[in-house]
There are 2 protein chains.
Amino acid sequence: MQISSEKVRKHVLIISADGFEDSELLQPYQQLNEEGVSADIASLQAGTITGKHGMEVKASLSVDEANPDDYQMLFLPGGKAPAELRKNQRVLEIVRHFFQQNKPVAAICHGPQILISAGVMEDRTSTSYPSVAGELREAGANYLDQEVVVDGNLITSRKPDDIPAFVGEILALLKEG
Amino acid sequence: MQISSEKVRKHVLIISADGFEDSELLQPYQQLNEEGVSADIASLQAGTITGKHGMEVKASLSVDEANPDDYQMLFLPGGKAPAELRKNQRVLEIVRHFFQQNKPVAAICHGPQILISAGVMEDRTSTSYPSVAGELREAGANYLDQEVVVDGNLITSRKPDDIPAFVGEILALLKEG
């Protein structure tokens, strides 16, 4: 079996780091993959990253290596990872690429913190983990307390319980696109 | 984007059920996928199955629908799922198919319980979760307390901490095959 030659083009770029919320990365990853939507995971460096609850995930590339042109969608899981990722200029550049190209961006829980730092939330309608609501409003966003909010290319959710609705809207947007 | 047309042939058939050990299913699933080794998940029925620690995974097909000829490898995660799966005749038939064809089979933790019920462990060298050791010996297996044991087509490990070694041996066997 020739493993490497069978690699296919990935649809989704996931950016995360140590301290990710385990379910918010792995459940959408698995559920999208079962629908034929594959993903690459990028982190500050390539290698293993560990979730808040101990799940180990392999990031196949660094954010410096990741080329956003290769992907149709960006996905930002939550947990503690976004607090680190929002300080990284390359991460913010990648986010702006997706918004400039009007390609889908999905963020859950603390994921929208990265969108705030990228300066893309003014006049956008969004949800997030409740503790991020104040910061979203200060960034000019219209905050809604809903399981999932779709505003054009942007899909946001609040917490792990929202994952089924979140994944549903991601699939709907990708199928439409 | 045409999601369905981009589905590719899957390499690995994962059989699990409610009560799976979350990390033992999802970590190998993600780590193999990052290496270009894709998997389908089958359960007693198609649909969502829930891990011991609450992770929800989508099984895209039932074991009755799964055709073992479509896969190069079988993977049996642990947790409480194997205690149910070992009672299902279709699951045991699928296991015997892989052994008869000498295709790779990987099982971790309580996963080897299914192999015992399928009657394929006589004179095989294997590990498992410690509580399964007695039953493996009664089935005629040579039990080793090691993080991973490779015996021909069969790869076994004991517990979540063994996952890195387990996935490493799976990849080595697939690349060789």
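Each value in this text was obtained by applying a stated rule to the coordinates, not by laboratory testing. The structure displayed is predicted, hence computed values, not measured ones. With ideal geometry, Cβ positions are generated from the backbone for all residues, glycine too; neighbour counts draw on all protein chains shown.
The label-point distance for residue A:65 and residue B:69, in a model that sets each label 7 Å from Cα toward Cβ, rounds to 3.9 nm.
For chain A, a Gaussian network of Cα nodes joined below 10 Å ranks A:79, A:19, A:134 by mean-square fluctuation, and the top entry is A:134.
Across every pair of different alpha-carbon atoms, what Kirkwood hydrodynamic radius in Å does chain A reach? Mind dumping the intermediate values first?
Working: mean 1/r = 0.0632 Å⁻¹.
About 15.8 Å, per the Kirkwood formula over Cα pairs.
Once backbone amide H atoms are built at 1.01 Å from N, residue A:119 has no partners under 5 Å, excluding neighbours fewer than 5 places away on the same chain. Applied to the range A:42-52, the Karplus parametrisation 6.51 cos²θ - 1.76 cosθ + 1.60 on θ = phi - 60° returns per-residue 3J(HN,Hα) values of 10, 9, 4, 10, 5, x, 7, 10, 10, x, 3 Hz, with x for Gly and Pro. About the centre of its Cα atoms, the range B:7-176 shows a dipole size close to 280 debye [charges on the beta carbon of Lys, Arg (+1) and Asp, Glu (-1) only; nearest 20 debye]. Placing +1 on the Cβ of every Lys and Arg and -1 on the Cβ of every Asp and Glu, with nothing else charged, gives the range B:80-125 a dipole about its Cα centre of roughly 140 debye. Between residue B:147 and residue B:52, what's the calculated FRET efficiency when r is the beta-carbon distance and R0 is 22 Å? Round to 0.05. Here the calculated transfer efficiency is 0.55.
Can you flag which of A:80/B:52; A:58/B:87; A:87/B:159; A:159/B:87 are past 31 Å Cα-Cα? Each step should come with its number before you reach the end.
Details: A:80/B:52 23 Å; A:58/B:87 34 Å; A:87/B:159 36 Å; A:159/B:87 36 Å.
Table pairs above 31 Å Cα-Cα are A:58/B:87; A:87/B:159; A:159/B:87.
Each of residue A:101 and residue B:89 was given a label point 7 Å from its Cα along the Cα-to-Cβ line. The distance between the two points is 5.3 nm. The HN-Hα couplings worked out from phi for the range A:76-85 by the Karplus form 6.51 cos²θ - 1.76 cosθ + 1.60 (θ = phi - 60°) are 10, x, x, x, 8, 4, x, 4, 7, 5 Hz, whole numbers, x standing for Gly and Pro.
Only four residue types carry charge here, +1 at the Cβ of Lys and Arg and -1 at the Cβ of Asp and Glu. Report the dipole size of the protein assembly as shown about the Cα centre in Debye, rounded to the nearest 20. Walk me through the numbers on the way to the answer.
Numbers: 32 positive and 52 negative charges, 29 e Å.
The dipole magnitude comes to about 140 debye.
With the simple model of a label 7 Å out from the Cα in the direction of the Cβ, residue A:176 to residue B:175 spans 4.3 nm. Evaluating 6.51 cos²θ - 1.76 cosθ + 1.60 at θ = phi - 60° for every residue in the range B:124-135, the Karplus couplings come out as 9, 9, 7, 10, 4, 4, x, 5, 8, 4, x, 5 Hz, glycine and proline recorded as x.
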